[in-house]
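Inspection log for the structure reproduced underneath, given as C-alpha cells.
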Amino acid sequence: MPNSLAYLLRLLMLHLLLGVCGLSGAQSPAASAPPDDYDVVQKLISEGRLEVALAQAEQYLNGKPRDPQMRFIKGVIQRDLGKTEDALATYTLLTQDYPELPEPYNNLAGIHASQGRFDMARAALEMAIRNNPDYAAAHENLGDIYARLAAQSYERALRLEGGNERLPQKISLIRDLLKPVNSTPPAPSPRPAGTSR
C-alpha cells in the first residue's frame, strides 16, 4: 500500500474525530471542498443516522470494495449500531487485506475487550503497535488491557487464597485505575468505547 494511503487513512480518522467529537475551530483540509462520499457518510454519522450512513458506505463500497478508509468507517458504523459480529468481520478482513494498518487492529482490540477476550485484545494491540510504534492510543489501550488482565489474575488468586490480605487492595487499586477519568459521558467516537481508541 502506498504511504499516501496510510496518510489519507490517518487524515480521515482525524476528520472523523474532529467531526464526531464536535471540536470547534478545527477543520479538515477538505472542509471547503464539495462534499465527497466520506463527508456525506461522516455527516450522516454525526446526525445519528447510522442505518443510512451504513447504506451509503455499502453503496460506495460496491464500486470500490477494497477502499480501506470506507471499510474502516463501515466497521465503526456497524459497531455503533450494535452489529458487533459484522464489525468484527469488517476489521478482521481489513487486517488481512491491509496488515500494515494499525487502526483496524486497535478497533478489533476494542471489540475483543468488550467481550472479555483480553488475550485476543492484547494480541491485536501488539500488532497495532508493531505496525506503528508511535501509536499512542494503542499503547494506552494495551496498558488498560494489561490492567484488566492483572485484575483477573488477582481475583483468581483471591478465590484460591482468600486469606491473602494484599489482594483486595490490589483489586481495588486496579478498579480505581480503570474508572473513567471524568463523570461526563464520553462523546461518540469512531473507536470502541472504554478500551480502544
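By the rule of a C-alpha distance below 18 Å, with chain neighbours fewer than 8 residues away ignored, the aspartates and glutamates paired with Lys179 are Glu140, Asp144, Glu155.
Its relative contact order, with pairs defined as Cα atoms under 8 Å and 6+ residues apart, puts the range 59-144 at 19 percent. Candidate cross-link partners of Lys83 among the lysines, defined by an alpha-carbon separation under 16 Å and a same-chain spacing of 8 or more, comprise Lys74.
When peptides 70-82, 43-55, 113-125, 154-166 are sorted by average Cβ neighbour count within 10 Å, with the highest value leading, the order is 70-82, 113-125, 43-55, 154-166.
Every number in this text was worked out from the coordinates using simple rules, so none of it is lab data. As the structure is a prediction and not an experimental result, all values here were calculated from the model. No Cβ is skipped: glycine too gets one built from the backbone with ideal geometry, and neighbour counts run over all protein chains shown.
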